[in-house]
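Q: Please read through the structure below; I'll follow up with questions.
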Amino acid sequence: MKTITYRQNIRPTDSDAIAEIVRGSGFFSAAEETMARELAEERLEQGGRSSYRFLFAEEDGRVIGYTCYGPIPATAGSYDLYWIAVTQSLRGHGIGKQLLQRTGQIIRRLGGRQVYAETSSRPQYAPTRHFYEKCGYLPEAVLKDFYAPGDSKIIYSKTII
């Protein structure tokens, strides 16, 4: 694997790269792909006024993974991890773990103390749940049948201070 660089600033081409990564994952619906793209476009349009923040992993100038995160309004240092995704062909190489660690460091520098991530209870998301747990996130709550009957939301958290 080549050298991976990380950046926080968002570029106009990033919404297409995000959509490609999300689409290629095989996990997300078309509506979720649209949502991921819209968060990037909001950040591009609003700049610092947007609460959505990004961290991109690049290899040879090509986006290969990213996180989208932001502060939770009316909390004292809680942040949501909205998205973490890595190009399908590069999963299992530690890129996601690096993105998550670096995102946590950024959040800590911003005064964050707690990060929340959510995922589905469906069997296809077992690797995602294992990933969060391996990275030190703890399951805090299960919202039964949240997404659909038989598809609960699992909320994870990690203290980063």
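Q: Quick check: is even one residue across segment 60-80 crowded, with 17+ Cβ neighbours inside 10 Å, farther than 22 Å from residue 115 by Cα and modelled with pLDDT of 95 or more?
A: There is at least one residue in segment 60-80 that is crowded, with 17+ Cβ neighbours inside 10 Å, farther than 22 Å from residue 115 by Cα and modelled with pLDDT of 95 or more.
Q: Right, something else. Please go through segment 139-161 and give me each residue that is of a type in the set (Val, Ile, Thr), assigned to a strand (DSSP E or B) and within 16 Å of residue 72 (Cβ to Cβ), ordered by number.
A: Of everything in segment 139-161, those that are of a type in the set (Val, Ile, Thr), assigned to a strand (DSSP E or B) and within 16 Å of residue 72 (Cβ to Cβ) turn out to be 155, 159.
Q: Is one or more of the residues making up segment 124-138 under 15 Å from residue 82 (Cα atoms) and part of a loop (DSSP other than H, G, I, E, B)?
A: Within segment 124-138 (the criterion being under 15 Å from residue 82 (Cα atoms) and part of a loop (DSSP other than H, G, I, E, B)), the answer is yes, since at least one residue qualifies.
Q: Name the single residue, out of those in segment 92-108 being over 19 Å from residue 5 (Cβ atoms) and of a type outside the set (A, V, I, L, M), that is surrounded by the most Cβ atoms within 10 Å (Cβ to Cβ).
A: 108
Q: Got a number for residues in segment 70-119 being touching a Gly at 6+ places or on another chain (Cβ under 9 Å) and among the hydroxyl-bearing types (Ser, Thr, Tyr)?
A: Looking only at that region, the number is 5.
The values are calculated or read from the model by the stated rules, or taken from the named source; none is laboratory data. Because the structure is a prediction, the values reported are computed rather than measured. All Cβ positions, glycine included, derive from the backbone under ideal geometry; neighbour counts span all protein chains shown.
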